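A.B. asks: Take a look at this one; I'll ask things after.
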Amino acid sequence: MIASLNFPALHASHSAIWFAHPGKPAVRISKGEAIARAAETPLIMLNAPLIAQRLGYPELSGLDLLELFAFVHPAQFMVPTPMGLVRALKLELPLPFRGGGNAPELALQSPLPTLSPKGERAEQGLPESSIPALLHAAAEALIATLERPDWPQREGAWTGLQALARLRWPWAGVASRHLKAPEKAERWLFSRLPEWEEQPPRPQPRQITLAENDAEAQLEALTGAGAERREGQRQFARTAAHIFAPREKRAEPHMLLAEAGTGIGKTLGYLAPASLWSHAAGGTVWISTYTKALQRQLSRETERIYADEAEFRKRVVIRKGRENYLCLLNLEDALQGGFQNRAAVLAQLVARWAAYSRDGDMIGGDLPGWLTTLFRRAGVTALTDRRGECVYAGCPHYRKCFIEHAARSSQNADLVIANHALVMVNAARAREQQGRPTRIIFDEGHHLHDAADSMFAVALTGQETVEMRRWVMGPEGKSRGRRRGLAARLSDVASYDELGGRAIEAARIAAEALPGEGWLARIREGAPSGEIEQLLAAIRGTVYARDESGAEDAGYGLETELAELDGPLIAAAMEAARAIHALHQPLVALGRRLEILIEDPPDWLDGPARARIEGAIASLGWRIDLLAAWASLLGRIGGPADPDFVDWLALDRVEGREYDMG
């Protein structure tokens, strides 16, 4: 027994609560007694928020083994259950205590039994009374790992632990007694991450025609010897091979619309010719899906093609939208005080993960899905780029950026596994011209139109206009975080370029017409401020007036079509359109000015300033397009219906609580 781990353990299920001191048999206790014990001394638990929910005591805190696991083994998969902990740490499986008196005997079962393929039905053969002993064993194993010289995740642990100790992380005191200070300064996260390198453009793929027999042979190699011979799958592979043939006419690629029933094996059916063509022609095939689940499935299937892990990581790239990846600049801001209290602990654990992550994917990647659930209201969304605020080359971490790594890796990959939205946005925007897909397989193609609607739809709502105001003006009042206002991001332009400075100031003044802090309360109180809030208030009144669904009492969101509107709402829309136009004009002028500065750089435009301006041009273009879309939407209010658009008014609510409208 590790002396510094002399803490009791607590396990609570739906049926019972078990409590045990180290080396002692577990005893069954009541909820009230469990809460009292938790108030007296720190308790070792697994998933403290879940235990708190079962005890009905939301303020419960203690030594959560999930947090310790995330620190000791970052970027390692683990099912957050007692059996998942056993398997991840390769522990012997404790059985019930037996014996009596003051010297209980703990029987161990070895080897570990095989689990059902249906998943973690874990606690089969694992009596709940033995789980506290298991928690003690897991804690000892994790703390002992800190002393191992061959611990693979040692680098950065000391530095991270010092920061966690300052945040009063419950495990810091125990861990600091067993983790030795390094002999030399550690390379921590921002110095440890690899940089991407510029690569020459990939040559155009060779013009080749795949033979049906070759595609069928590749399929047999992927399915393996002794696999079931499925004629439908073989026909699928032979037919798919034809889409890779050289074009016969300009702008007329070969296309195939295929439908296959369940069990045909269509995934390997198209992977066989796709991988064969990529290898022979030296080109990239993009495989586009609708769901993250299929992306993960495709990643596993492609491991059959590239058995060596290093070769697989070089040849296969998973691509997702920017909002899925950790933003290093946002993380740096969180580590330097942008996050407080428990949220700051989350930031430190995410930093530990980022140093060992394969690709920085926070949604469906190797970040444990349970990690963020341990921190109430301290969500991980603030650590991603969800609003297109990236400054690209102007970011100090640009050359280590996970998103840029993925974008550049995809240019020389054989297979890129992406989603419909990303493929379409890359086709619509010119920034990734070099990596624009030319050979695409749309799996789950029946969802393509839904994905296009979601990707290219526009919403003029309170939340969206608030984000636009923040992008222009930056944090206001008591808001925290990096300064992201236009004037702050382009301070050199405002200082040295008179025309650019005027455009920035005009945009700032115009943005004051957009909703700011407290906008929702003002609308509910009948005191909207500014043209956009006046429009939102009119929309809210119209939606409530026209609701015939009975959902108002149920507390669900409400919608009504954009038709037969009354005079006040149309008048409010016209005033809102003027406010949108007043912001659109200076942003367009600023964009033109920035392009001129890049084309004919003045003396003060050094490398970092140029990088910031190039990043601002890209971000500015998206905001200008959004404002133009808002203006177009407002222009249709009160006018004739446009058959190319479906417009509606909406009030968004959760359990009766309004949070957006537009």
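A.B. asks: So if I check each of W169, W196, which one is within 30 Å of the chain's Cα centre (by Cα) and more than 21 Å from V345 (Cα to Cα)?
C.D. replies: After applying the criteria, what remains is W196.
A.B. asks: So which residues in region 74-85 are buried (at least 21 other Cβ atoms within 10 Å of the Cβ) and either more than 21 Å from G160 (Cα to Cα) or over 20 Å from the mean Cα position of the chain (by Cα) (or both), if there are any at all?
C.D. replies: P82, M83, L85
A.B. asks: Quick check: anything in region 599-609 in the same structural domain as A506 (by TED's automatic domain parsing), under 30 Å from A527 (Cα atoms), charged (D, E, K, R) and outside any strand (DSSP E or B)?
C.D. replies: Scanning region 599-609, I find no residue that is in the same structural domain as A506 (by TED's automatic domain parsing), under 30 Å from A527 (Cα atoms), charged (D, E, K, R) and outside any strand (DSSP E or B), so the answer is no.
A.B. asks: Moving on. Do you know which residues across region 162-172 are under 17 Å from I44 (Cβ atoms) and either assigned by TED's automatic domain parsing to the domain that holds S278 or in contact (Cβ under 8 Å) with a residue 12 or more places away in the chain (or both)?
C.D. replies: Listed by number, the residues that qualify are W169, P170, W171.
A.B. asks: Can we say R508 is more than 27 Å from P586 (Cβ to Cβ) and part of a helix (DSSP H, G or I)?
C.D. replies: no
A.B. asks: Are any residues in region 21-73 among the charged types (D, E, K, R), exposed (fewer than 14 other Cβ atoms within 10 Å of the Cβ) and either outside any helix (DSSP H, G or I) or in the same structural domain as I363 (by TED's automatic domain parsing) (or both), and if so, which ones?
C.D. replies: Within region 21-73, R28, E59 qualify.
A.B. asks: Of the numbered conditions (1) at pLDDT below 90; (2) farther than 30 Å from M78 by Cα, R192 fails exactly one; give the number of that condition.
C.D. replies: Going through the list (1) at pLDDT below 90; (2) farther than 30 Å from M78 by Cα, R192 breaks only (2).
A.B. asks: Kindly evaluate E183 against the criterion of being in contact (Cβ under 8 Å) with a residue 24 or more places away in the chain, in a loop (DSSP other than H, G, I, E, B) and of a type outside the set (S, T, N, Q).
C.D. replies: For E183, the condition - in contact (Cβ under 8 Å) with a residue 24 or more places away in the chain, in a loop (DSSP other than H, G, I, E, B) and of a type outside the set (S, T, N, Q) - is not met.
A.B. asks: Going by the conditions given, is P42 at negative phi and either touching a helix residue (DSSP H, G or I) at 6+ places or on another chain (Cβ under 8 Å) or modelled with pLDDT under 90 (or both)?
C.D. replies: The answer is no for P42.
A.B. asks: State whether one or more residues within region 410-424 are under 22 Å from the mean Cα position of the chain (by Cα), part of a loop (DSSP other than H, G, I, E, B) and at pLDDT 85 or above.
C.D. replies: no
A.B. asks: Hey, can you tell me all the residues within region 189-215 that are free of Cβ contacts under 8 Å to residues at least 24 places away in the same chain and outside any loop (DSSP other than H, G, I, E, B)?
C.D. replies: Once the filter is applied, which keeps residues that are free of Cβ contacts under 8 Å to residues at least 24 places away in the same chain and outside any loop (DSSP other than H, G, I, E, B), region 189-215 yields S191, N213.
A.B. asks: Which one of the conditions (1) crowded, with 18+ Cβ neighbours inside 10 Å; (2) among the small types (G, A, S); (3) not assigned by TED's automatic domain parsing to the domain that holds P273 does A215 fail to meet, given that it meets all the rest?
C.D. replies: Only one criterion in (1) crowded, with 18+ Cβ neighbours inside 10 Å; (2) among the small types (G, A, S); (3) not assigned by TED's automatic domain parsing to the domain that holds P273 is unmet by A215, namely (3).
A.B. asks: Okay, moving on. Kindly indicate whether A70 is touching a helix residue (DSSP H, G or I) at 6+ places or on another chain (Cβ under 6 Å), more than 12 Å from L126 (Cβ to Cβ) and at pLDDT 90 or above.
C.D. replies: Spelling it out, A70 is indeed touching a helix residue (DSSP H, G or I) at 6+ places or on another chain (Cβ under 6 Å), more than 12 Å from L126 (Cβ to Cβ) and at pLDDT 90 or above.
A.B. asks: Confirm whether A307 is in a loop (DSSP other than H, G, I, E, B), surrounded by fewer than 18 Cβ atoms within 10 Å (Cβ to Cβ) and not assigned by TED's automatic domain parsing to the domain that holds E220.
C.D. replies: Here the answer is yes, as A307 does meet what is asked.
A.B. asks: Hey, another quick one. Among the candidates A571, A618, single out the residue that is touching a residue at least 12 places away in the same chain (Cβ under 8 Å), under 29 Å from A507 (Cα atoms) and surrounded by 13 or more Cβ atoms within 10 Å (Cβ to Cβ).
C.D. replies: Exactly one of A571, A618 is touching a residue at least 12 places away in the same chain (Cβ under 8 Å), under 29 Å from A507 (Cα atoms) and surrounded by 13 or more Cβ atoms within 10 Å (Cβ to Cβ), namely A618.
A.B. asks: May I pose another question? Considering only region 2-20, state which residues are in a helix (DSSP H, G or I) and either modelled with pLDDT of 95 or more or of a type outside the set (G, A, S) (or both).
C.D. replies: Answer for region 2-20, where residues must be in a helix (DSSP H, G or I) and either modelled with pLDDT of 95 or more or of a type outside the set (G, A, S) (or both): just L5.
A.B. asks: Related question: Restricting attention to region 458-485, which residues are among the small types (G, A, S) and at pLDDT 90 or above?
C.D. replies: Correct list: A459, G462.
A.B. asks: Determine whether A258 is buried (at least 20 other Cβ atoms within 10 Å of the Cβ) and at pLDDT 90 or above.
C.D. replies: no
A.B. asks: While we're on this one: Anything in region 553-583 that is touching a helix residue (DSSP H, G or I) at 6+ places or on another chain (Cβ under 7 Å), part of a helix (DSSP H, G or I) and more than 19 Å from R636 (Cα to Cα)? List them, or say none.
C.D. replies: L583
A.B. asks: Name the residue that is nearest to A354 (Cα to Cα), counting only residues in region 160-171 that are among the small types (G, A, S) and surrounded by fewer than 20 Cβ atoms within 10 Å (Cβ to Cβ).
C.D. replies: A163
A.B. asks: Further question on the same structure: Report yes if A545 is part of a helix (DSSP H, G or I) and loosely packed, with under 15 Cβ neighbours inside 10 Å, otherwise no.
C.D. replies: Criteria met by A545.
A.B. asks: Is there a residue in region 326-336 that is in contact with a strand residue (DSSP E or B) (Cβ under 6 Å, 6 or more places away or on another chain), of a type in the set (D, E, K, R) and over 15 Å from A413 (Cα atoms)?
C.D. replies: Checking region 326-336: not a single residue is in contact with a strand residue (DSSP E or B) (Cβ under 6 Å, 6 or more places away or on another chain), of a type in the set (D, E, K, R) and over 15 Å from A413 (Cα atoms).
A.B. asks: Hey, another quick one. Does region 646-654 contain at least one residue that is out of contact with any Phe, Trp or Tyr (no Cβ under 8 Å at 6 or more places or on another chain), part of a helix (DSSP H, G or I) and free of Cβ contacts under 8 Å to residues at least 24 places away in the same chain?
C.D. replies: No.
A.B. asks: Another question, if that's okay. Considering region 519-542 alone, what residues qualify as being crowded, with 18+ Cβ neighbours inside 10 Å, more than 33 Å from the chain's Cα centre (by Cα) and either of a type in the set (D, E, K, R) or not in a helix (DSSP H, G or I) (or both)?
C.D. replies: Selection gives P528, G530, E531.
The values are calculated or read from the model by the stated rules, or taken from the named source; none is laboratory data. It should be emphasised that the depicted structure is a prediction, and the values quoted were computed from it without experimental measurement. Every residue, glycine among them, receives a Cβ derived from its backbone with ideal geometry; neighbour counts consider all protein chains shown.
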